[in-house]
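The values are calculated or read from the model by the stated rules, or taken from the named source; none is laboratory data. Everything quoted here is computed from the prediction, not taken from an experiment. Reconstructed Cβ throughout: ideal geometry from the backbone, glycine too, with neighbour counts over all protein chains shown.
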Amino acid sequence: MLKHFLKKNWLEFIGTPTPAEIQLLTITSCPQFYGNNIILVFVNRRATPICVIKACRNPDFGFKLKREYSALRAVGRMDAVGRRVPKAYFLGEYEGRAFLIQECIAGTSLFKEVRRCGLTRRTKALIDQAVDLSASVNGTPPTGNKRDALWRMESAFRLSQYEKEFIEAGLSGPRLKEINDICSIDRPDRKSYFSHGDYWQTNIMVHEKKDEIAGIIDWEFACPWTPFPLDIFWFLINLAYCLYDRTRPGATVAESYKWGFFVDMVYLEYSNSLYQRYARQVGVDFSLFWRYLEATLAVMSVRELATYGRSTNMDHVYIDLLKFTMENRKGLSLD
Amino acid sequence: MKTFPDNIHELIGTLFWGLGKMDLRLFRIQKGQETDMGVAETVPLHELTSYRKRGDRDILVGVEVEDWQGQGGELEEIFRRVTRTAVKGVYLVVKERRLVDRIVRRLQELSPVEAEVYGIDPDYFFSIVPLTTKSKRKIENYVLNLKSETTIRGRVKFWVKKILIALRFGDLLYDGFLVTAVPFPEAHAEG
């Protein structure tokens, strides 16, 4: 049984003495074929898990866990952020399927906190911390073995490979070329960013007893050479989602995006202030807000296609939002 | 079983990691034609449906129990059908809590096994929660806190569940139960 398998190999996996009692809580929030089974490991009557095992459901998607392991090791070495990422204990394979054992960060997600409370002094302080952490990660050149999975080519930035999808959606011409240029990874003169890749509020854990960010989890999409500041924009897109969903439960990502960036000028100004906070720390151009927002939508669309094919339909959602943004942002100024 | 996702068997299979390569052989016990109890040994009350079969590798036996009287020899019949191959482990997915203890006793009568019981919670995070532990309430509270409810109805549901857990009625939270069992020597097999 898995329990006995863990006990037998505990010292090798975790590096600490084997606990007397182990209990396993198996959960799955993503039942699709590309998802992982999550096993939370409780020991010796603790109320929170000591570690989590991510077990890849489909051998074809093991690369995500390998990349996450590599990212956790790289970010774990960063001074400002290192203590806020889970320790990566062990990466292995069982019956051809990858599994990763990592530390479990206790706490509640920032998504839950913001959705529950809205924008209060406390949640705004937490959001500021999350932005600052993102700036620390993005602005730090990563170190590590360049042969690790982390450094493997991220196909989501190869927009030209999916040009057909964009053209079919009615996007073409100079605007698409502009986005292509922003996403280009073949420019050695351009700054690159170490990005988390999926930096949204569900992956940011808040300490249970203190008003601080406890940790950042789920580094499967980490990329050491992102050509533009993807993380902050993905964060802002999803911040709109958790705020809008609070007042209108069941709202879609598309609805909340349009509300946040085109209807509610208060949110638009707030998100711009967060971007400026981030930009000052990382040294990016304030004036590129809209272009980076569009590039983020383009990359997320291509990522869905490249990773999951057409099984999710989210690629269409993001392309539609990209088109909407291009058509409607004229006249909106953040200066 | 209709309320559970298609990949429940794959998820349960993860709990059996460490026992080596196995094929899954699935069975279902469901209510057959009603008859008088009579002599239960000669008039089976229930049908068995075996709907997946592979070669002769070691196997993990999975059983979906829709209805079970526990006297008709269903488990013995299942094991009779698979005796040519080594059964490394068995699990049963059961709808009703009242059947769980009977099933565990029956398994232990058939062979010395290490058995554990889990609750199946198909709510927002589909969870398989360990119940054979003194940390049961702590783990149940942890699972409950994973979910996020902002509507009034959702919050009322949350607090009702919290009270059920505190009063040791946590079993009412589950849509089904899982019994896992491995023969005693296998429980500590080489991983």
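Restricting to segment B:132-142, and then to whatever is at the interface with another protein chain (Cβ under 7 Å from one of its Cβ atoms), of a type outside the set (D, E, K, R) and not in a loop (DSSP other than H, G, I, E, B), can you tell me which residue is nearest to residue B:9 (Cα to Cα)?
B:139
Based on what the data block shows, is residue A:124 more than 22 Å from residue A:317 (Cβ to Cβ) and not in a loop (DSSP other than H, G, I, E, B)?
Yes.
Looking only at strands (runs of 3 or more DSSP E) that lie completely in segment A:161-256, which have at least 3 residues being of a type outside the set (Phe, Trp, Tyr)?
Filter on segment A:161-256 gives A:204-206, A:213-216, A:223-226.
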Original post:
residue A:230 versus (1) over 19 Å from residue A:193 (Cα atoms); (2) in contact with a helix residue (DSSP H, G or I) (Cβ under 9 Å, 6 or more places away or on another chain): which is the lone unmet condition?
Top reply: (1)
Original post:
How about segment A:74-100: which of its residues are crowded, with 19+ Cβ neighbours inside 10 Å, charged (D, E, K, R) and modelled with pLDDT under 90?
Top reply: A:97
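Any idea which of A:245, A:231, A:198 is buried (at least 22 other Cβ atoms within 10 Å of the Cβ) and not polar (S, T, N, Q)?
Numbers: A:245 fails: buried (at least 22 other Cβ atoms within 10 Å of the Cβ); A:198 fails: buried (at least 22 other Cβ atoms within 10 Å of the Cβ).
Unique residue meeting the criteria: A:231.
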**OP:** May I ask you to list the residues in segment A:26-73 that are modelled with pLDDT of 85 or more and among the small types (Gly, Ala, Ser)?
**Re:** A:47, A:55, A:62, A:70, A:71
Original post:
Which of the residues spanning segment A:4-15 are surrounded by fewer than 14 Cβ atoms within 10 Å (Cβ to Cβ) and away from every other protein chain (no Cβ under 11 Å)?
Top reply: A:11, A:15
Original post:
In this structure, is residue B:72 surrounded by 13 or more Cβ atoms within 10 Å (Cβ to Cβ) and either at pLDDT below 75 or assigned to a loop (DSSP other than H, G, I, E, B) (or both)?
Top reply: yes
**OP:** Only residues that are part of a loop (DSSP other than H, G, I, E, B), modelled with pLDDT of 80 or more and among the hydroxyl-bearing types (Ser, Thr, Tyr): list them for segment A:132-160, please.
**Re:** A:140
Subject >> Every residue from segment A:162-194 that is over 19 Å from residue A:321 (Cβ atoms) and at pLDDT below 80 >> reply: A:174, A:185, A:186, A:187, A:188, A:189, A:190
**OP:** Might you let me know whether segment B:18-30 holds any residue that is modelled with pLDDT under 75 and either closer than 30 Å to residue A:8 by Cβ or not hydrophobic (A, V, I, L, M, F, W, C) (or both)?
**Re:** yes
**OP:** Return only the number of the condition from (1) modelled with pLDDT of 90 or more; (2) buried (at least 20 other Cβ atoms within 10 Å of the Cβ); (3) among the polar types (S, T, N, Q) that residue A:18 does not satisfy.
**Re:** (2)
**OP:** Go through segment B:115-128 and give me each residue that's among the charged types (D, E, K, R) and either over 21 Å from the mean Cα position of the chain (by Cα) or closer than 24 Å to residue B:183 by Cβ (or both).
**Re:** B:116
Original post:
Which condition breaks for residue A:25 when tested against (1) under 28 Å from residue B:144 (Cβ atoms); (2) in contact with an Asp or Glu (Cβ under 9 Å, 6 or more places away or on another chain)?
Top reply: (2)
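If you scan segment A:106-116, which residues turn out to be more than 10 Å from chain B (Cβ to nearest Cβ) and surrounded by fewer than 22 Cβ atoms within 10 Å (Cβ to Cβ)?
Residue satisfying the conditions is A:107 alone.
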**OP:** Determine which member of the set B:179, B:129 is within 8 Å of chain A (Cβ to nearest Cβ), assigned to a strand (DSSP E or B), modelled with pLDDT of 90 or more and under 22 Å from residue B:17 (Cα atoms).
**Re:** B:129
Original post:
Just wondering, is there one or more residues in segment B:155-168 that are within 17 Å of the chain's Cα centre (by Cα), within 13 Å of chain A (Cβ to nearest Cβ) and more than 26 Å from residue B:67 (Cβ to Cβ)?
Top reply: no
Original post:
Can you pull out the strands (runs of 3 or more DSSP E) entirely within segment A:17-64 that have at least 1 residues that are within 12 Å of residue A:98 (Cα to Cα) and more than 8 Å from chain B (Cβ to nearest Cβ)?
Top reply: A:36-43, A:51-56
Original post:
Any residue in segment A:302-313 that is among the aliphatic types (A, V, I, L, M), in contact (Cβ under 8 Å) with a residue 12 or more places away in the chain and exposed (fewer than 14 other Cβ atoms within 10 Å of the Cβ)?
Top reply: no
Original post:
Is it the case that segment A:79-90 has a residue that's within 14 Å of chain B (Cβ to nearest Cβ), part of a strand (DSSP E or B) and in contact with a strand residue (DSSP E or B) (Cβ under 6 Å, 6 or more places away or on another chain)?
Top reply: yes
**OP:** Report yes if some residue within segment A:265-287 is touching a Lys or Arg at 6+ places or on another chain (Cβ under 8 Å), more than 18 Å from residue A:193 (Cα to Cα) and part of a helix (DSSP H, G or I); otherwise report no.
**Re:** no
Subject >> Exclusive hit being under 27 Å from residue A:173 (Cα atoms) and in contact with a His (Cβ under 6 Å, 6 or more places away or on another chain), set A:320, A:231, A:315 >> reply: A:231
**OP:** Select from segment B:129-147 the residues that are over 12 Å from residue B:173 (Cα atoms), of a type in the set (Val, Ile, Thr) and under 18 Å from the mean Cα position of the chain (by Cα) and write down the one among them that is surrounded by the most Cβ atoms within 10 Å (Cβ to Cβ).
**Re:** B:133
